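Would you mind keeping the following structure in view while I ask a few things?
Rule-based calculations on the coordinates, nothing more; no lab input. None of the values given here were measured: they were computed from a predicted structure. Because the Cβ atoms are built from the backbone with ideal geometry, glycine has one as well, and the counts that use them run over all protein chains shown.
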Amino acid sequence: DNILLDVKGLKKHFPIRKGYVKSEKATVKAVDGVNLFIKEGETLGIVGESGCGKTTAGRSILRLIEPTEGEISFKSKKLAGPGEKYRQVDVMRSPPKELKSLRQEMQIIFQDPYSSLDPRMTVGRIVGEPLRAHALAKGERADRVAYLLESVGLKPDHANRYPHEFSGGQRQRIGIARALAPNPSLVVADEPVSALDVSIQAQVTNLLLDLQQEFDLTYMFIGHDLSVVKYVSDRVAVMYLGKVVELVSAGKLFSEPKHPYTEALMSAVPVPDPDFEMKRILLQGDVPSPVNPPSGCHFHPRCQYARDICKEKIPEYRDLGGEHFVACHRADELDLLPVVG
Ligand code: SF4
């Protein structure tokens, strides 16, 4: 009942153009059957190597790019009828007007604070733009912009300046203020600190956590840095070649990983204790092409535990108990390494 967003079988396939001909057969299966749900008030982290489809999945959920197929159900407060607290909305079938309203409730923070802000607009206009749909008097809008700028650690008089006058970290704060302006309940943060200087990554990450409390937000936090994702997330989904291969609480993911890819990904995270020796599992080869993914379990060419069945059959995505979702034929029998540190 406390599920804000429920995604089932989400796919985004891009046809490849050969010359001028779009080929039906050659498609990039960027997102290829993603199943996940996000509970109200939590942070669901999404991790995986580049090319695993995490960014495409985030954008498809908001329909910023049109998904190929799947089900997306969202608990909308703004579309609730009289006497209702919320309305369960079928996002895939939302007509344009409804989608416009949903987009206020589902916002995104982009990775690159340099290209995501219009350089010709003042900060006040950038942050105030989403408020235009609301019937606010001009003064009220300015007050709201000032409040949002202060909430993200900027000054109200920054509203009169332009994006190029700010550092990367400050620009990302502007992007965050813009995302918060329409009062969203869900925010997809797409690698929000990856493009920033390491020295300010923690500041912006902590700001996001503070804002989650203050503005009552639910986050989908996309990242490739496992330690950052662990720090911010309640639960984590691990993606590999367009699919979620494991999804469980952040604590359990690290203490009881059940998917060999998770184990390999985590063994690459540096451990702070120098006396602790951990077996490093080296991932062999690169991520295979999503145009012709390997048969059966997509991870089998790189998996040290692979058996014949792994090449033949796609593993089912199942709950091992206690909301620990895994897609691996051998999840019950393998004793994988926990991460210490
Ligand atoms: Fe490895 Fe087989 Fe599990 Fe895939 S299904 S992760 S190949 S053991």
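If you count the DSSP beta bridges with both ends in the chain, what percent of them are antiparallel, to the nearest 5? Can you show the working numbers first?
Values: 32 of 50 bridges.
Roughly 65 percent of the DSSP beta bridges within the chain come out antiparallel.
Identify, among 262, 238, 320, the residue whose Cα sits farthest towards the positive end of the charge dipole of the chain, taking +1 on the Cβ of Lys and Arg and -1 on the Cβ of Asp and Glu, with the dipole about the Cα centre.
238
Roughly speaking, what is the centre-to-centre gap between the range 35-61 and the range 296-319 when only Cα atoms are used, to the nearest Å?
When both Cα centres are located, 22 Å separates them.
Sticking with this one: Note the per residue figure in Å³ for the convex hull of the C-alpha positions in the chain. Write out the running numbers ahead of the final one.
Working: hull volume 55.1 nm³, N = 341.
Expressed per residue, the convex hull around the Cα atoms of the chain is 162 Å³.
Measure up 100/313; 54/77; 75/311; 78/252; 77/313 against 30 Å on the Cα-Cα distance and list the ones that go over.
Details: 100/313 41 Å; 54/77 26 Å; 75/311 39 Å; 78/252 35 Å; 77/313 42 Å.
From the list (100/313; 54/77; 75/311; 78/252; 77/313), the Cα-Cα distance tops 30 Å for 100/313; 75/311; 78/252; 77/313.
Further question: Helix 168-180 against the longest principal axis of the chain: what's the angle in degrees, Cα atoms only, rounded to the nearest 10?
It is inclined by approximately 80 degrees.
Quick one: helix 96-105 against the long Cα principal axis of the chain, what's the angle to the nearest 10°, folded into 0 to 90?
Here the helix axis deviates by roughly 90 degrees.
Using a 10 angstrom cutoff on alpha carbons, build the Gaussian network for the chain and name the most mobile of 172, 111, 284.
Among 172, 111, 284, the largest GNM mean-square fluctuation belongs to 284.
Would you be so kind as to identify which of 26, 166, 116 lies farthest towards the positive end of the dipole of the range 3-233, taking Lys and Arg as +1 and Asp and Glu as -1 on Cβ and the Cα centre as origin?
The Cα lying farthest towards the positive end belongs to 26.
What's the magnitude of the charge dipole for the range 3-233 around its Cα centre, counting Lys and Arg as +1 and Asp and Glu as -1 at the beta-carbon? Answer in Debye, nearest 20.
Here the size comes out at about 860 debye.
Using a ≥ b ≥ c from the Cα gyration tensor of the range 105-193 (square roots of the eigenvalues), is it rounded, prolate or oblate, where a/c under 1.5 gives rounded and otherwise the larger of a/b and b/c decides, a/b for prolate?
On the way: a/c = 1.74, a/b = 1.15, b/c = 1.50.
The shape class here is oblate.
What residue among 142, 41, 58 has its Cα farthest toward the positive end of the dipole of the chain, where the charges are +1 on Lys, Arg and -1 on Asp, Glu, each on the Cβ?
142
When the chain is treated as a GNM, springs tying every alpha-carbon pair under 10 Å, which of 121, 220, 92 comes out with the largest mean-square fluctuation?
121
Let me ask another. Under the rule of -39500 (n - 2.57) per DSSP H run of 4 or more residues, summed and divided by the residues of the chain, what mean residue ellipticity at 222 nm is obtained, to the nearest 500 deg cm²/dmol?
My calculation for the chain gives -8000 deg cm²/dmol from helical runs alone.
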